[in-house]
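What follows is a short report on a single structure.
The values are calculated or read from the model by the stated rules, or taken from the named source; none is laboratory data. The model shown is predicted, which means the values in this text are computed figures rather than measured ones. As a convention, Cβ positions derive from the backbone with ideal geometry for all residues, glycine included, and neighbour counts pool all protein chains shown. Surface accessibility is based on the protein's heavy atoms, side chains included, excluding ligands, DNA and RNA. Shrake-Rupley method; radii C 1.70, N 1.55, O 1.52, S 1.80 Å.
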Amino acid sequence: MPKDHGIGASNKRREDIRFLTGTGNYTDDINIHGQAYVYFLRSDVAHGKINSIDTAAAAAMPGVVRIFTGADFEGIGGLPCGWQVTDKHGEPMKEPPHPVLAQGKVRHVGDPIAAVVADSLDQARDAAEAIELDIEELPAVVDMKAAVQEGSALVHDDIGTNLCYDWGFVEENKGAVEEAFSKAAHVTTLELRNNRLVANPMEPRVAVGDFNRASGDSTLYTTSQNPHVIRLLMGAFVLGIPEHKLRVVAPDVGGGFGTKIFHYAEEAFCTFAAKQLNRAVKWTSSRSEAFMSDAHGRDHVTKIQLALDADNNFTALRTETYANMGAYLSTFAPSVPTWLHGTLMAGNYKTPLIYVNVKAVFTNTVPVDAYRGAGRPEATFQLERVIDKAARELGVDPVELRRQNFITEFPYATPVAVEYDTGDYHATMDKLVEIADFAGFEARRKDSEAKGKLRGLGVNCYIEACGIAPSNLVGQLGARAGLYESATVRVNATGGVVVMTGSHSHGQGHETSFPQVISEMIGIPEDQVEIVHGDTARSPMGMGTYGSRSLAVGGSAMVRAAEKIINKAKKIAAHLMEASEGDIELKDGAFSVAGTDKSVAWGEVCLAAYVPHNYPLEDIEPGLEETAFYDPSNFTYPSGAYCCEVEVDPETGKVTIESFAATDDFGNIVNPMIVDGQVHGGIGQGIGQALLENCAYDENGQLLSASYMDYAMPRASDVPFYKVDHSCQTPCTHNPLGVKGCGEAGAIGSPPAVVNAVIDALHSGGHKVEHIDMPVSPSRVWAAMNG
Amino acid sequence: MAKISMKVNGRDVSGEVEGRTLLVQFLRDQLGLTGTHVGCDTSQCGACTVQVDGKQVKSCTMFAAEAEGAEVSTIEGEAAQDGTLSAIQAAFQEHHGLQCGFCTPGMVMAAKSLLEVNPKPTEAEVRHHLEGNICRCTGYHNIVKAIMAASGQDVGAIAAE
């Protein structure tokens, strides 16, 4: 019988009511009396020298309040990078400045040059057309490998190179890895590209800056996954506003997928301009602007090699990756191809020796940063593709080759610096074999062949590192922030609970799932618990939501605060019942004295805390409110096995997803319905990456895919119903909930399954195709079959 | 500027608009009906889907002035006065057919238009009808399931776990 409340219940989401009735409060729904609107004039060339910007005619246009250019931001900080990577020689990465508005040069299509503030958006847009620009176009740097050759044009002249860093991991292992390759019985090599993607949350970014002259307080309403981080970065590094004079609010946010983690120029501009003009300033991104200003994702070019011994055991792995940083370092960009990628290269396998080299390269393209999975999809894709290729070369079953090399004993210290606490990779694979009906595949293949189609089955495993992570560890790795999470649990006099969390919900359903945890702990109904998030004025300093960390880190902080509440409440209950504190038990919303029939209700204890007439005032303070900051001792390591079946039309090369099955081990699960939904969404995005999506630049750095006419988003008819299973559960050993995180798994685990299935289908038709780069479009498949 | 009048969710409304003002801008900026969303600028995403004279329309594709005299239905008019959700809205909640909620008003309005002309659509018909509505969160699984459930079909057999 499924649970109907508390941990493990598929509670319906309370936030749905406002979203379903059109009464959500997204940032673009916020309008401040007297607000002005800003339109950003953006570069239409990839690389150019700004000779002059003449705003005189534009400034005289109707409704124009003021036009800002880079000159207005001289002496003001640029957008900071939050992670410093040290290269293989021990040198810090190259870190060029990132001005709010372009200064001297434009470096990518979409780089903001001028900001026109006017009474209406139409007036601002009209005036922007009257700005006279003299920009001398320079050769664009687009191809990463060409960018690091001698004589390449430079994105940033003063650093003298386009190489941000050349990272080796673990550098000390390099010699041993080389030696293992020299002794290998078999080496499989694969070169591939992990295609550049655009996260595309359906809500475009919005920023509304406001300023109160009487108090001197600035407020920014913004579409962010982490308002406290924006307050810190923008206040401390860009605008010089202390935290107590700056409030950042991220209300209902329409999806993030990573791209709303980062601090963007438009946020700083609206906050700055509101103070300058003493008037609220609003910016709403158009979708076209989003394509050229939201941080992009992925864009790796990789060569991976796997060494095996004569018994098909993996003996060593080495990879060389070029990772595109774009024109500037976005907030967490340097960490993605390194610490979120290199550390995952062991995957689910006991490969003893691994060496990862990453060259991060500046190009005249939009900055690239974390997108759902962030580094882990890139690691998983190359690893699971090269294993499939090795199995084919060796003539062994790809599932058996994986099983043979699975890690089976935990905790397991990988050769790439992380320690997996729990997992059971055979269990998720066994479950996959069952739910994907491997046994019936040959019959389905025959059915497809009878229709003139090729059918393929692709499998892969994945491991990810979530719940990022211990602050002392990430500090050693170059993070310029802590990665704890916070929660304040406030119990009101009549027993209701308000949790103010530093986590942020932008689709994840925290308002529903977090109360389930409190309900389980205290034994009160979920509707007695309210979740507050997304406002720096209301929640303690928090690090926000990304890396599938909300429940594992934010939920753990909430548990710690609730434990403090319960401990204090037990003291009060003991006093009220004249019993010993050690004998007090809390169950189903009532405190009782063990071995007696004495009890007091939760509400009575809460009331006593706020009306302390009969209260141990000499021992404890009145009130019932506690705050906890939780800093995990390790990452969490969700894992799973995915299977995709495709049909390929040999006439056209079109690939159709016939079925998709996913088994994930997320440890304990608070709301199974929400977890299923997270996996569905991740798989949808993974199928999008594998078959449809591609952010394309031409050789001049022109963005070719800047609208939904050109960037192929997955639609309902591109995907099937998914089979997902989360019954394999090895709880995390180091957080109080035993949870691992589920937000990114689908996007990490699905692309290799799709491509493996396509390659399998082509081989079944006699086409010896070893690899097709994503997106596996009909033209690419057809070319591979007929090449 | 031109004066326009129309009926929105059963109420007579009017306002002054420029020729270039889109219906969605009129709904959001002048009427404060912010449930209708703007997710793109090429009429691809469907977040702004409403009904005009009973037909499914992307309100970013139509000038406000073109809706002169029309009857417009938006997401705000879907639930009953007492807050009871419509069958489609209730099915979306029951089957977790929404996550961030941004595409949801458009999805609900598109589903309403589908079920009005095709009360028992197949899975393929639902997916085809949603061609003009993009969701980035759900992978469509629970949206399709919710719409089929709202049409009274048994969705218990659809793989969930």
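At-a-glance table
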quantity: Ranked by how many other beta carbons lie within 10 Å on average, peptides A:596-602, B:127-133, A:746-752 from highest; calculated: A:746-752, B:127-133, A:596-602
quantity: Total formal charge among the other residues, if their Cβ is under 13 angstrom from that of residue A:246, Lys/Arg +1 and Asp/Glu -1; calculated: -1
quantity: If the convex hull is drawn through the Cα atoms of segment B:1-114, its volume per residue in Å³; calculated: 96 Å³
quantity: 30 Å Cα-Cα threshold exceeded, pairs from A:389/A:453; A:260/A:654; B:58/B:145; A:446/A:723; A:260/A:768; calculated: A:260/A:654; A:260/A:768
quantity: Solvent exposure of chain A as accessible area per residue, Å², 1.4 Å probe; calculated: 33 Å²
quantity: Spatial separation of Cα centroids for segment A:12-66 and segment A:487-564, in angstrom; calculated: 32 Å
quantity: Integer Hz, Karplus 6.51/-1.76/1.60 couplings in order for segment A:430-437, x for Gly and Pro; calculated: 4, 5, 5, 4, 6, 6, 8, 6
quantity: Theoretical FRET efficiency, 1/(1+(r/R0)^6), r = Cβ-Cβ of residue A:400 and residue A:709, R0 45 Å, to 0.05; calculated: 0.50
quantity: Cβ-defined net charge surrounding residue A:629, 13 Å radius [Lys, Arg +1; Asp, Glu -1]; calculated: -1
quantity: For peptides A:608-614, A:519-525, sequence by mean Cβ density within 10 Å, most packed first; calculated: A:519-525, A:608-614
quantity: A/B buried area, accessible surface, summed, 1.4 Å probe, Å²; calculated: 4500 Å²
quantity: Portion, in percent, of the accessible area of segment B:87-150 that falls on carbon or sulfur, probe 1.4 Å; calculated: 57 percent
quantity: Carbon plus sulfur fraction of accessible area for segment A:1-114, probe 1.4 Å, in percent; calculated: 53 percent
quantity: Residue order for A:304, A:7, A:566 - accessible surface, 1.4 angstrom probe, largest first; calculated: A:7, A:566, A:304
quantity: Theoretical gain in end-to-end length, residue A:311 to residue A:585 [0.36 nm per residue, Cα-Cα removed]; calculated: 92.9 nm
quantity: Summed side-chain charge close to residue A:160 - residues other than residue A:160 whose Cβ falls under 12 Å, Lys, Arg +1, Asp, Glu -1; calculated: -2
quantity: Average partner coverage of B:24-34, which counts Cβ from other chains inside 10 Å; calculated: 2
quantity: Segment B:87-150: relative contact order as a whole-number percent, Cα under 8 Å and 6+ apart; calculated: 57 percent
quantity: Contact order normalised by residue count of chain B, Cα under 8 Å, 6+ apart, percent; calculated: 23 percent
quantity: Length-normalised contact order of chain A in % [C-alpha pairs under 8 Å, at least 6 apart]; calculated: 16 percent
quantity: Within 10 Å of each Cβ in A:8-15, the average number of Cβ atoms from other chains; calculated: 2
quantity: Cα gyration tensor shape of chain A, rounded if a/c is under 1.5, else prolate or oblate by comparing a/b with b/c; calculated: oblate
